[in-house]
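**Q** One structure is given below, represented as structure tokens, and several questions about it will come after.
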Amino acid sequence: MTITLRAGCTVMFTGDSITDCFRLETEESLGYGYPLRIAGEWGLRHPDRPVTWLNSGYRGNRVADLENRWAADVLAARPDVVSILVGVNDMGWHTLDPDGHKIPVEDFEAGYDRLLAPLAEAGTELVLIEPFLLPTGGVMRAGRNSVLIGEAERKEWRADLDPKIQAVRRLARRYDAHLLAADGMFAELAAGTGSEHWAADGIHPTPAGHAALATAWLRLVA
């Protein structure tokens with residue numbers, strides 16, 4: 001089953017920096033990433049069915065941060081469809097933030113559930129995008145304190161993220177939401193080209209990575 005986007009409906013994208021994609025630094029409210037690509041492609045394909053596209057993604061957000069602004073930034077807009085991509089910062093917060101701690105999967109899932117419950121009650125269509133992590137080599141600096149991230153940290157992140165991906169899948173089943181299996185999608189794509197083509201740091205998509213997300217998302221709607 002696909003989601004039918006009717007003329008005049010409102011679609012809200014929300015999540016962390018992957019969804020934000022510099023929307024706050026520009027006059028383009030959709031940013032430069034997959035939400036903009038989705039809106040553009042939909043408009044090209046369906047000029048007879050205009051849709052209002054909104055983006056409330058915010059860099060660095062975890063599930064708990066979304067909870068804090070959910071009523072004002074998402075529920076108040078009364079969207080017909082909400083698309084959520086969150087989890088990478090729940091995975092890496094204890095590494096990147098000096099005030100951070102490891103977030104148990106139980107807390108992640110419970111918080112995510114609280115985001116979805118009022119939307120489901122309102123009859124909102126839901127798209128849940130799995131958080132993802134592509135394997136990359138070398139050492140990079142990340143976070144506000146420029147923490148060094150190498151192979152050991154990436155292995156730890158992978159072990160922490162996998163249960164959270166399973167939690168997103170459980171929630172998709174629980175709420176009859178549409179699941180975009182982004183982690184598996186990127187793993188398959190990277191097997192043919194290498195990870196850096198899709199996300200240079202393993203987290204933030206390149207233009208090609210955003211295009212892949214947009215293409216996969218558009219398969220869920222009609």
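The values are calculated or read from the model by the stated rules, or taken from the named source; none is laboratory data. On a predicted model such as this, the values are computed, not experimentally measured, just so you know. All Cβ positions, glycine included, derive from the backbone under ideal geometry; neighbour counts span all protein chains shown. Areas reflect the complete protein model, heavy atoms only, side chains present, ligands, DNA and RNA absent. Shrake-Rupley method; radii C 1.70, N 1.55, O 1.52, S 1.80 Å.
**Q** For segment 180-222 and segment 103-123, what is the centre-to-centre distance using only Cα atoms, to the nearest Å?
**A** 25
**Q** Treating only the Cβ atoms of Lys and Arg (+1) and Asp and Glu (-1) as charged, compute the dipole magnitude of the chain about its Cα centre; round to the nearest 20 debye. Mind dumping the intermediate values first?
**A** Details: 22 positive and 31 negative charges, 83 e Å.
Dipole about the Cα centre, nearest 20: 400 debye.
**Q** Continuing with this model, one more query. Quick check for you: with a 1.4 Å probe and neighbouring chains kept, what is the accessible area per residue of the chain, in Å²? Mind showing how you got there, number by number?
**A** Details: 10300 Å² over 222 residues.
Heavy-atom accessible area per residue stands at 46 Å².
**Q** Another question, then. Which longest uninterrupted range of the chain lacks any GluC sites (Glu not before Pro) assigned by DSSP to a loop state (not H, G, I, E or B) and surrounded by at most 15 other Cβ atoms within 10 Å?
**A** Details: sites that count: Glu27, Glu28.
Between the exposed loop sites, the longest stretch runs 29-222.
**Q** Kindly express, to the nearest 10 degrees and within the range 0 to 90, the angle between helix 63-73's C-alpha long axis and the longest C-alpha principal axis of the chain.
**A** Roughly 30 degrees, rounded to the nearest 10.
**Q** Let me ask something else about it. Leaving ligands, DNA and RNA out of it, work out the accessible area of Ser29 with a 1.4 Å probe and give it in Å² to the nearest 10.
**A** The value for Ser29 is about 70 Å².
**Q** Among Phe108, Thr206, Leu54, whose Cα lies farthest out toward the positive end of the dipole of the chain, if unit charges sit on the beta carbon of Lys, Arg (+1) and Asp, Glu (-1)?
**A** Positive-end residue among those listed: Leu54.
**Q** Which shape class, rounded, prolate or oblate, goes with segment 147-198 when its Cα gyration tensor gives a ≥ b ≥ c as root eigenvalues, a/c under 1.5 marks rounded, and past that a/b bigger than b/c marks prolate? Let's see the in-between values first.
**A** Values: a/c = 3.41, a/b = 1.44, b/c = 2.37.
Oblate.
**Q** Compute the signed sum of charges (Lys and Arg +1, Asp and Glu -1) over the other residues within less than 9 Å, Cβ to Cβ, of Val86.
**A** Working: positive: Arg62; negative: Asp16, Asp65, Asp90.
So the environment of Val86 carries a net charge of -2.
**Q** Still on this structure: Quick one: angle between helix 105-121 and the longest Cα principal axis of the chain, in degrees between 0 and 90, rounded to 10, please.
**A** That works out to roughly 10 degrees.
**Q** When all protein chains stay in place, what accessible area (Å², nearest 10, 1.4 Å probe) is found for Leu126?
**A** 10
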